[in-house]
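Here is the structure we will look at.
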Amino acid sequence: MQLWIAVICMVVTLIVGAAAGIFLGIAIRKNTAEKEIGSAEEEAKKIVADAIKTAEARKKEVVLEGKDEVHRFRTESEKEISDRRKEVQRQERRIQQKEETLDRKLDNMEQKEEKVAKKLKEADAKLEEIETLKKSQFEMLEKISGYTAEQAKSYLLSQLENELVHEKSVKIMEYTEQLKEEADEKARNIISLAIQRLAAEQVAEATISVVPLPNDEMKGRIIGREGRNIRAIETLTGVDLIIDDTPEAITLSCFEPVRREVARIALERLISDGRIHPARIEETVEKARREVDATIKHEGERVVLEAGVHNVHPEIIKLLGRLRYRTSYGQNVLNHSLEVSYLAGMMASELGIDPTVAKRAGLLHDIGKSIDHEVEGTHIQIGVDIARKYKESDAVIHAIHAHHGDVEAKTIVACLVQAADALSAARPGARRENVENYIKRLQKLEEVASSFDGVERTFAIQAGREVRVMVKPEIINDERMIPLARDICKKIEEELEYPGQIKVNIIRENRATDYAK
C-alpha cells in the first residue's frame, strides 16, 4: 500500500513538474515573440517613414515637371495664336486689296460697257449705211451687167462647177495613173511568174462526137430492121445518132457529155464486134457505162492528187471526174479547173499567203458545170449548193460564188480565183465561140459604147478585147474623157458577158483648117 502511494506521489510530482515546465516555456516564447513584434513594428514604422519621405520628394519633382510642361504649352499656344492672328491680319489685308481691285475693275467694266454700247450704235448705223450702199451697188451692177442677182449666182456656180470638174478630173487622172502603175507592176510580176511556171496545152472539144465506120454498109446494120437498132441505141444512151451523107461516119449529138461518151464507146465496140442487135446493144451500153464511171472516178482522183488538195468528199471527186467530158467554148473544164488551181496556188504563194485554200477553191470553182445539164440554175449557184452540201469551208464557197462577179469578192482567195479563171479562159487559143455569137458580142459592145452623149463613132477591135470611142470635141472636153471612160466600162460590165477584159480607149481630136489664098 505504501508502495502504491509512493508511486502515485511520484506520478503526481512528474505531472506537476511537466505542467510547470510547459507554463514556463510558454512564458519564455511569449516574451520572445513580443520582442520580435516590437522590433518588426519599429522596422515597419521606419520603412513607412522612408516611403513617405520618398513620395514627398517625388511629388515635388512631378509638380515641378507639370509646371514646366504647362509653361511650355502656354508659350507654344501663345506663339501659335500670335502666328494665326498675323495670318488672319494678312488675309484680311489681301481681301481688302482684292475688293479694291474688283471695285476698280467694275468701274472699268461699266466704262467699257458704255463705250461698247456707243460703238454698237455706231456699228448699227454703219450697217444700215452699208446695206444701203450694197443695195445701190447691186442695182448698179445689175444695170451694168444685165444680170439679176439670181442669174449672176447661177453663172458663178456654173463657172465654179466647171472648175471643180476640171480639178476632179485632174485628181482622178493623177490617182488613177499612180494606182495603175503600182498595181500593174505588182500584178504583172505575180501573174508573169505564175504563167511562166505553168505551161498547159489547150485542146478544142465540141458537143458532138464522130464515130468512123469501116464502110457505108455499116450504117444500114446500125439502123437495123425497121430502125430497131438505132432506136435501141438512142433509148439506152439518150443520144441522137445522125446518119447522113457523110461517108463512113456517124455523128453523135448530145449536150450531156457523159451520155455522149457512153454512146461513143458502145458504138465503137459494136462496130468492131460486128454483132449488132438490141440484146447485144443493151449489154454493150451497160459495159460502156461502167467503164465511163470508172474513168470518171479515176480522173477525179487524178486531178485531186495533181492539185495537191486533200480530204475531198468522194462525191465531189466523182463530180470532178465528170468535168473531163464537159467543155466550155471548146475548152475542157477539168483541165481548166486544174489550171486555175495551179495559177491560184502560185499567185497565193507569191503574195505570201497559204496556197492550200486558193488551190482548193480554184479546183472546185466550176464544179457546178458537172451537173448543170441535169439541175436547174446557173453553174455558180449549183456549185455553191454542192460545196455547202459536202461541208466545204466558207472561203471556198465564197470563192465559187464570186468567181464570175455574181457577188462582190471579199477575200484574197476569191480575187485570186477570179484572176486565175480569167488567165486560163482568156488567153489566145484557150476558148472559141461560133461566128454568130462573136459578131453579136462585137455589135453589142459597139452599141453600149455609142449609147453615151457626145460619142460620134465606136470601133470594136482585137477580137472584142478593145473598143475605140471617137467623141465630139465640142461636147466632150479633155476633163470629161476620164469620167466617160469609167462610165462606159461600168455599163459594159453590167450588160455584157465576155472573157478576160475589155480596154476602153477614148479618142478626141481637134482640127484647125484654113486656106492660104
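Among the residues of the stretch 499-513, the ones that are within 30 Å of the chain's Cα centre (by Cα) and open to solvent by 70 Å² or more (accessible area, probe 1.4 Å) come to 1 in all.
Can you tell me which residues in the stretch 307-329 are in contact with a His (Cβ under 8 Å, 6 or more places away or on another chain) and not in a helix (DSSP H, G or I)?
Matches in the stretch 307-329: S328 only.
With respect to E41, determine if the residue is at pLDDT below 85, of a type in the set (D, E), open to solvent by 80 Å² or more (accessible area, probe 1.4 Å) and in a helix (DSSP H, G or I). Spelling it out, E41 is indeed at pLDDT below 85, of a type in the set (D, E), open to solvent by 80 Å² or more (accessible area, probe 1.4 Å) and in a helix (DSSP H, G or I). If you go through the stretch 347-357 and pick out every residue that is surrounded by fewer than 24 Cβ atoms within 10 Å (Cβ to Cβ) and either in a helix (DSSP H, G or I) or basic (K, R) (or both), you end up with 6.
Mind listing just one residue for me: the one in the stretch 410-430 that is in a loop (DSSP other than H, G, I, E, B) and at pLDDT 80 or above and, of those, surrounded by the most Cβ atoms within 10 Å (Cβ to Cβ)? The selected residue is T411.
R360: in contact with a strand residue (DSSP E or B) (Cβ under 8 Å, 6 or more places away or on another chain), buried (at least 22 other Cβ atoms within 10 Å of the Cβ) and assigned to a helix (DSSP H, G or I), yes or no? When the stated conditions are applied, R360 does not pass them. Would you mind stating whether V384 is at pLDDT 90 or above and among the β-branched types (V, I, T)? Spelling it out, V384 is indeed at pLDDT 90 or above and among the β-branched types (V, I, T).
Counting just the residues of the stretch 220-240 that are in a loop (DSSP other than H, G, I, E, B) and either touching a strand residue (DSSP E or B) at 6+ places or on another chain (Cβ under 7 Å) or touching a residue at least 40 places away in the same chain (Cβ under 8 Å) (or both), which one comes out least open to solvent (accessible area, probe 1.4 Å)? Of everything passing the filter in the stretch 220-240, V239 is least open to solvent (accessible area, probe 1.4 Å).
For (1) part of a strand (DSSP E or B); (2) under 24 Å from H403 (Cα atoms); (3) open to solvent by 90 Å² or more (accessible area, probe 1.4 Å); (4) not acidic (D, E), each residue gets a yes or a no:
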{"residue": "L445", "(1), (2), (3), (4)": "no, yes, no, yes"}
{"residue": "G464", "(1), (2), (3), (4)": "no, yes, no, yes"}
{"residue": "I475", "(1), (2), (3), (4)": "no, no, no, yes"}
{"residue": "R480", "(1), (2), (3), (4)": "no, no, yes, yes"}
{"residue": "D487", "(1), (2), (3), (4)": "no, yes, no, no"}
{"residue": "E494", "(1), (2), (3), (4)": "no, yes, yes, no"}
{"residue": "Y515", "(1), (2), (3), (4)": "no, no, yes, yes"}
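Matching residues to (1) at pLDDT below 65; (2) touching a Gly at 6+ places or on another chain (Cβ under 8 Å); (3) open to solvent by less than 70 Å² (accessible area, probe 1.4 Å):
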residue: Y175; (1), (2), (3): no, no, no
residue: Q178; (1), (2), (3): no, no, no
residue: A183; (1), (2), (3): no, no, yes
residue: Q202; (1), (2), (3): yes, yes, yes
residue: I208; (1), (2), (3): yes, no, no
residue: P212; (1), (2), (3): no, no, no
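The values are calculated or read from the model by the stated rules, or taken from the named source; none is laboratory data. The shown structure was predicted, so the numbers you read here are calculated from the model rather than taken from an experiment. Note: ideal-geometry Cβ built from the backbone for every residue, glycine included; neighbour counts use all protein chains shown. Ligands, DNA and RNA are excluded from the accessible area calculation, which covers all protein heavy atoms including side chains. Shrake-Rupley method; radii C 1.70, N 1.55, O 1.52, S 1.80 Å.
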